[in-house]
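Scroll down for the structure; my scribbles are underneath it.
The values are calculated or read from the model by the stated rules, or taken from the named source; none is laboratory data. What you are looking at is a predicted structure, and each value in this text was computed from that prediction instead of being measured. Here Cβ is always computed from backbone atoms with ideal geometry, including for glycine, and neighbour counts include all displayed protein chains. Side chains included, ligands, DNA and RNA excluded: accessible areas come from the protein's heavy atoms. Shrake-Rupley method; radii C 1.70, N 1.55, O 1.52, S 1.80 Å.
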Amino acid sequence: MKVVVFWMTFLCPFFLKAQSDTVLMRPIEIMGFGLVPYATGEVVRVIHTVDPFKTLDATLFSQAGVYMKNYGHQQLSTISFRGTSAVHTNVLWHGIPVNAPTLGSTDFSQWHTWMIDDVAIQPGNQGALYGSGSIGGTVFIDHFNKIRTNTAAIGWGLGSFGYNFQGARAEYKKDQLQGTTHIYREAINNDFTYPLKGTDLIQTQKNAAALSYGFRQELQHFWNNQRLSLDLLLFYQHRESQPVISQNEGQDFIKTHNIKSVVEHFIDINKRSISTTLGWMNDQMIYNQNPAIRSQQITLTQRYEYDIGDHFHLNSGFLINLLTAKGSNLENINPQKQLDFFVIVTYRINDRWSSTWGLRESFMIDAGSKLLPSLGAERKWIFPKSSLVSHAKIAQGFRYPTLNDRFWLPGGNPSLNPEQSASTEIGFELRYPKFNTQVNIYQTWAQDWILWLPQSGNIWRPENIQKVAISGIDYALGYQYFFNETELESEVVLNYQCSINKSAYPSQAAYGNQLPYVPYFTAIWSNKIHIKKWTIALDQSYTSRRYTTLDESDTYAVAPYFLLDMAIDYPLILGKVTTQTSFKANNIFNNYYENIQNRAMPGINFQLQIITKL
């Protein structure tokens, strides 16, 4: 039945083709962020925050098929981008690195789309001009490029397992001043039921409730050819850590407080611009009744862009990053100091050929330095009824050890070296009047990956021990049809990745095996039908088997799963007020599945969402 539903959904547009004319729908929107320049030939995919009730992890997976490791429903969520781990994706907010200084990763469940304007992803080493950890890719969150209007919205949501959401946001603009304010509260009891594996019993999930609050304030002032911008984010979360299915009575919890702030000055002078950004982050995490772990980050960046004649474009600048943390296992550590320089030169040979050269130099006290060159090229072909764009690149990447890697007591290793990588990629995008398709093929070689190894006395210690070879294919296809008053949109995203251990650890038998929690294959099929004011969405996803150990044991593997979600939207317009009502049914087939081993995910569930726009 599931396969029939999928193929009916997938093939439906082709059967409808004879009934209507066809227009192009882009499956991937290419966008250059003005304040975060990219190398030519890189694919930058804009992630549309069309569902403001989703967290960022759910949004990234539903639109790009990026695998997210969810430690339960509405729990901690980390990313696995192109076969790498959570620490190998660089996350930038207004161009400021925001990965936690202690763990080196981001909990994407803390970023709610109600608070976000823009999201984009860029795969590979060449995605970020500075920072650490972009071996898998880079996620860009927000930048100061919005023109605000005088609007407001109120959101309300109710759903299964005690889910409820309340939010409000407003934009305002007067003369040279503009801004936006967002606030939300989200809570869920998470008391769903699931079948207990190996038995006929049904068990109710306990001790997995989650509560989160968020506040955002952005202000911008424009004058002459300059702009001064401020953005402030405040997050609070109190989550009961969802127990594994065999220990359903567990009562662990995590409380987090996050403050993120950034100030930016931008000036545009003829063919050049200078942007200077200062960021300050303060994070606190409390696990059970243990003392809080606190971390702080101060970041200063400056970027200079300049057009040299008609063919050359120069991007250059620097980053200064100061990181520190304190906790019962992180005592008396010195701030981690990082200094990066970068130069990116783009040469536009003509309207169809361009190439990019990049050079980054990164220094960190007590951790050495890294020189990172990159090279990219792009070629365009324009035909009477179609176009073709190809790109190729080669780049080096790296990741500094985190504060936990170096200073955790007991076990930290101050002598760790940065992880290193080299990657190549080639891609093609073909556009016809009836469809748009894109494919990217990539290969990454990494060494000195950091693994925590058991020592005597039940102590673990990180070492530069692992080598990894990653290869994969990203594919996307989009199409759109109009017939009478009905519009059909459909998009397919397929990701295949091999992330192979090239080290004889923990044994020779582990050599050549897939890394834990890296699925070989993920697929997304998104479909929308617009009938007058009604919109019906049908989204399907598939995630392949994930091994949890390097010996690829089927006994401890996480089974593949298929999900089918459906939504119906209708806008009610009364004068200048629009009320958008959405009803959603998730996991319609009521499948039992796990994202992380032995952490249950909910079966069929429902949500009602109402957004009133003023």
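Of the residues making up region 431-451, those that are within 20 Å of Gly104 (Cα to Cα) and either surrounded by fewer than 20 Cβ atoms within 10 Å (Cβ to Cβ) or in contact with a Cys (Cβ under 6 Å, 6 or more places away or on another chain) (or both) are Gln447, Asp448, Leu451. In the set Glu186, Glu218, only one residue is outside any loop (DSSP other than H, G, I, E, B), more than 29 Å from Ile588 (Cα to Cα), touching a Leu at 6+ places or on another chain (Cβ under 8 Å) and at pLDDT 95 or above; that residue is Glu218. The lone criterion from (1) among the aliphatic types (A, V, I, L, M); (2) touching a residue at least 60 places away in the same chain (Cβ under 8 Å); (3) open to solvent by 10 Å² or more (accessible area, probe 1.4 Å) left unmet by Ile147 is number (2).
Considering only residues in region 200-209 that are surrounded by 14 or more Cβ atoms within 10 Å (Cβ to Cβ) and touching a strand residue (DSSP E or B) at 6+ places or on another chain (Cβ under 7 Å), the one that is farthest from His94 (Cα to Cα) turns out to be Gln203.
Of all the residues that make up region 150-167, how many are in a strand (DSSP E or B), of a type outside the set (Phe, Trp, Tyr) and either more than 16 Å from Phe215 (Cα to Cα) or open to solvent by less than 40 Å² (accessible area, probe 1.4 Å) (or both)? Qualifying residue count, region 150-167: 9. Scanning region 210-231 for residues that are under 30 Å from Thr193 (Cβ atoms) and open to solvent by less than 20 Å² (accessible area, probe 1.4 Å) yields Ala210, Ser212, Gly214.
Candidates in region 476-487 are the residues that are over 16 Å from Gln540 (Cα atoms) and in contact with a strand residue (DSSP E or B) (Cβ under 8 Å, 6 or more places away or on another chain); of these, the one that is surrounded by the fewest Cβ atoms within 10 Å (Cβ to Cβ) is Glu485. Can you pull out every residue in region 272-284 that is in contact (Cβ under 8 Å) with a residue 60 or more places away in the chain and not charged (D, E, K, R)? Listed by number, the residues that qualify are Ser275, Thr277, Gly279, Met281.
When the residues of region 108-143 are narrowed to those that are polar (S, T, N, Q) and outside any helix (DSSP H, G or I), which ends up farthest from the chain's Cα centre (by Cα)? Going through the qualifying residues, I end up with Ser132.
Listed by first and then second residue, the pairs with beta-carbon distance under 6 Å, at least 6 apart or on different chains, first residue in region 236-251 and under 26 Å from His112 (Cβ atoms), second of a type in the set (Gly, Ala, Ser) and surrounded by 16 or more Cβ atoms within 10 Å (Cβ to Cβ), are Gln237/Ser212; Arg239/Ala210; Glu240/Ala208; Glu240/Ala209; Gln242/Gly72; Gln242/Ala208.
Considering only region 170-199, state which residues are in contact (Cβ under 8 Å) with a residue 40 or more places away in the chain, open to solvent by 30 Å² or more (accessible area, probe 1.4 Å) and more than 30 Å from Asn224 (Cβ to Cβ). Once the filter is applied, which keeps residues that are in contact (Cβ under 8 Å) with a residue 40 or more places away in the chain, open to solvent by 30 Å² or more (accessible area, probe 1.4 Å) and more than 30 Å from Asn224 (Cβ to Cβ), region 170-199 yields Thr193, Pro195, Leu196, Lys197. Restricting region 494-533 to residues that are hydroxyl-bearing (Ser, Thr, Tyr) and in a strand (DSSP E or B), the residue that is farthest from Tyr481 (Cα to Cα) is Ser499.
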